[in-house]
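Please see the structure below; I have some questions.
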Amino acid sequence: MNYRTILFASLFGMLALNPESVSMLSAAEKNAREPGPTDGDAPKDFTTTKSGLKYRILRKSDGEKPLRNDKVFVNYKGWLDDGEEFDSSYKKGRTIDFKVNQVIPGWTEGMQLIGVGGMIELEIPSKIGYGKDGFPGAVPPDATLHFIVELVELKRGPKPVEPGKADADAPEEFTTTKSGLKYRIRRNSDGKKPSATSVVSAHYKGWLDDGSVFDASYDRGEVLTMPLNRLIRGWAEGMQLIGKGGMIEMEVPPEIGYGKDGFPPVIPPNATLHFLVELIDVK
């Protein structure tokens, strides 16, 4: 991937199902070739969430439910509206494991609705699936995805953290640079400032004009470390404005963000991006 045009592709997790990410069964996992039994009173109707995700619980469980930072082990099968199956862990005879916050949004949301031992059916619209581009060779553009998923096991991840404190006298107004970047320093620091080629470690939150958060290291409890010259231009410019220990809020126009194409399905075309960033370290 080209990190000059992709900010946090590995963290957005655009791919729900990657055959290379499957793991062999652990002692706690079953060598399932077919989905397990469903509850006799499982609902026939789907519930629809605010995001457009449709789901129904096929097998209830009192087991622990995953959080966004957790790693889950699942068995699943996925098919399209015409019934064509495009992937199945059952046929492979092995589970897939992934972090809940590193898959398509429909899966991230759906996996948090069931406990270990439970089974769920998902109907994922394209806007929280693979979007207009689909997944070549398997999922066509603008496809609605259908899944049956059994949650076999989970491993707890780091706990979420909260952003640090801002300066009491932090400016309310934004300053605009020649590139169009708008910023305000939320916490001053005399620490080392990055250069264009520095490797930075940062905590951050990113949201769109409508307030919807598309990514946040705070939620994962994990700092991001990345070469500054491999991030979108708005980030590369903004991070050089603060020192280690500082905090900045940025408004990144599409020209120095993801541009006219966006980053489906999370970042729409021509989107203005908003970030709160704390610079943890500079190398």
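Mind checking whether some residue in segment 208-225 is over 28 Å from LYS127 (Cα atoms) and not hydrophobic (A, V, I, L, M, F, W, C)?
Of segment 208-225, the ones over 28 Å from LYS127 (Cα atoms) are 225.
Restricting the remaining residues to those that are not hydrophobic (A, V, I, L, M, F, W, C) gives 225.
Yes: segment 208-225 contains one or more residues that are over 28 Å from LYS127 (Cα atoms) and not hydrophobic (A, V, I, L, M, F, W, C).
Scan segment 90-107 residue by residue and report those that are within 22 Å of the chain's Cα centre (by Cα) and in contact (Cβ under 8 Å) with a residue 60 or more places away in the chain. Show your work before the answer.
Looking only at segment 90-107, we keep the residues that are within 22 Å of the chain's Cα centre (by Cα), and these are 95-107.
Within segment 90-107, THR95, ILE96, ASP97, PHE98, LYS99, ASN101, GLN102, VAL103, ILE104, PRO105, GLY106, TRP107 meet the criteria.
Quick check: is even one residue across segment 42-60 in the same structural domain as TRP107 (by TED's automatic domain parsing), under 27 Å from GLY221 (Cβ atoms), of a type in the set (Ser, Thr, Tyr) and buried (at least 17 other Cβ atoms within 10 Å of the Cβ)?
Taking segment 42-60 as the starting set, the residues that turn out to be in the same structural domain as TRP107 (by TED's automatic domain parsing) are 42-60.
Now drop any that are not under 27 Å from GLY221 (Cβ atoms), which leaves 49-51, 53, 55.
From what's left, of a type in the set (Ser, Thr, Tyr): 49, 51, 55.
Now restrict to residues that are buried (at least 17 other Cβ atoms within 10 Å of the Cβ): 55.
There is at least one residue in segment 42-60 that is in the same structural domain as TRP107 (by TED's automatic domain parsing), under 27 Å from GLY221 (Cβ atoms), of a type in the set (Ser, Thr, Tyr) and buried (at least 17 other Cβ atoms within 10 Å of the Cβ).
Something else now. Only one of these conditions is not met by ASP167: (1) part of a loop (DSSP other than H, G, I, E, B); (2) charged (D, E, K, R); (3) within 28 Å of the chain's Cα centre (by Cα). Which number is it?
Every condition holds for ASP167 apart from (3).
Quick check on my filter: what residues within segment 84-115 are of a type in the set (A, V, I, L, M, F, W, C) and out of contact with any Lys or Arg (no Cβ under 8 Å at 6 or more places or on another chain)?
Applying the first criterion (of a type in the set (A, V, I, L, M, F, W, C)) to segment 84-115 yields 86, 96, 98, 100, 103-104, 107, 111, 113-114.
Once the filter is applied, which keeps residues that are of a type in the set (A, V, I, L, M, F, W, C) and out of contact with any Lys or Arg (no Cβ under 8 Å at 6 or more places or on another chain), segment 84-115 yields PHE86, ILE96, VAL103, ILE104, TRP107, MET111.
Evaluate segment 185-202: report whether one residue or more is in contact with a Phe, Trp or Tyr (Cβ under 8 Å, 6 or more places away or on another chain) and touching a residue at least 12 places away in the same chain (Cβ under 8 Å). Outline the logic, then answer.
Quick first cut of segment 185-202, residues in contact with a Phe, Trp or Tyr (Cβ under 8 Å, 6 or more places away or on another chain) only: none.
The answer is no; no qualifying residue exists.
Check LEU181 against each of (1) surrounded by 15 or more Cβ atoms within 10 Å (Cβ to Cβ); (2) modelled with pLDDT under 95 and name the one condition it does not meet.
Here LEU181 clears every test but (2).
The values are calculated or read from the model by the stated rules, or taken from the named source; none is laboratory data. Computed from a predicted model, the values in this text were never measured in an experiment. In this analysis, Cβ positions are derived from the backbone assuming ideal geometry, glycine residues included, and neighbour counts consider all displayed protein chains.
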